[in-house]
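This report refers to the structure that appears directly beneath it.
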């Protein structure tokens, strides 16, 4: 049982910068307390049901990429509205089909309490189809980005990794990440807020748009 057992009113969707609701619940790796991961990045990704084609493909892809997330100091945590025993049977089925072991924890949420606390399910929801959001959570439990996919379109694991790397690099360099950025590409300096930088710029646009190599974006 998780700590939302008494909650019946759905919460509003989480916004970037919010501290995410902590929860304790059963998972395929034993009892899990989200607060135990406050010193790490976490990617929490939710599913409306086990044994579904799209979600199965995502679990296989994430199992293949798990080491890449771990190398970035990030823990993968899955969540599905089905029971723990359904999760275990699903994980075994995935292994039998593909040979890949899903070793990241999959949290059970059969009463949709966690989904409601995260605002994924509204009070008038007829089913759990909306439980398809991915949350990028930085140390301290702060929501940094979220992506919600429909049930008939799978997540892009390369994009999940790209976004995680971009968030971490933006923090490290106190910089901005431009459109279509890929690891190794230029960043953008944060614009100054006084006329000092404005008049010191070599061009009329440099004060607000100046590409810079990673590691040099705040210089």
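A few notes on this one:
- Selected from 101, 68, 193 as most flexible by GNM, with the chain as the system and alpha-carbon contacts under 10 Å: 193
- Contact order, relative form, for the stretch 33-81: 59 percent (alpha carbon pairs under 8 Å, 6 or more residues apart, mean separation divided by residue count).
- Taking the stretch 64-219 and dividing mean pair separation by its residue count, relative contact order in percent (alpha carbons under 8 Å, at least six apart): 14 percent
- Given R0 = 35 Å, the distance between the Cβ atoms of residue 22 and residue 96 translates into a calculated FRET efficiency of 0.55.
- Reported to the nearest whole Å, the Cα centre-to-centre distance from the stretch 163-218 to the stretch 76-151 is 35.
- Relative contact order %, the stretch 59-146, counting alpha carbon pairs below 8 Å whose residues are six or more apart: 24 percent
- Cα long-axis angle, helix 53-71 against the chain (0 to 90 degrees, to the nearest 10): 50 degrees
- Share antiparallel - DSSP beta bridges, the stretch 24-155, percent rounded to 5: 55 percent
- Helix-only mean residue ellipticity at 222 nm for the chain, each DSSP H run of n ≥ 4 adding -39500 (n - 2.57), per residue, nearest 500: -9000 deg cm²/dmol
- Structure-derived Cα Rg over 2.2 N^0.38 Å - corresponding label in (i) 1.16; (ii) 1.05; (iii) 1.11: (i)
- In this simple spin-label approximation, residue 57 and residue 205 carry label points 7 Å from Cα along the Cα→Cβ vector, and these lie 3.9 nm apart.
- Rounded, prolate or oblate (a/c below 1.5 giving rounded, otherwise prolate when a/b exceeds b/c) for the stretch 40-127 by Cα gyration tensor: oblate
- The label point for residue 147 and the one for residue 68, both projected 7 Å from the Cα toward the Cβ, are 1.1 nm apart.
Coordinate-derived values only; no laboratory data. Quick caveat: nothing in here was measured; it's all calculated off a predicted structure. Note that each Cβ is placed from the backbone with ideal geometry, even for glycine, and that neighbours are counted across all protein chains shown.
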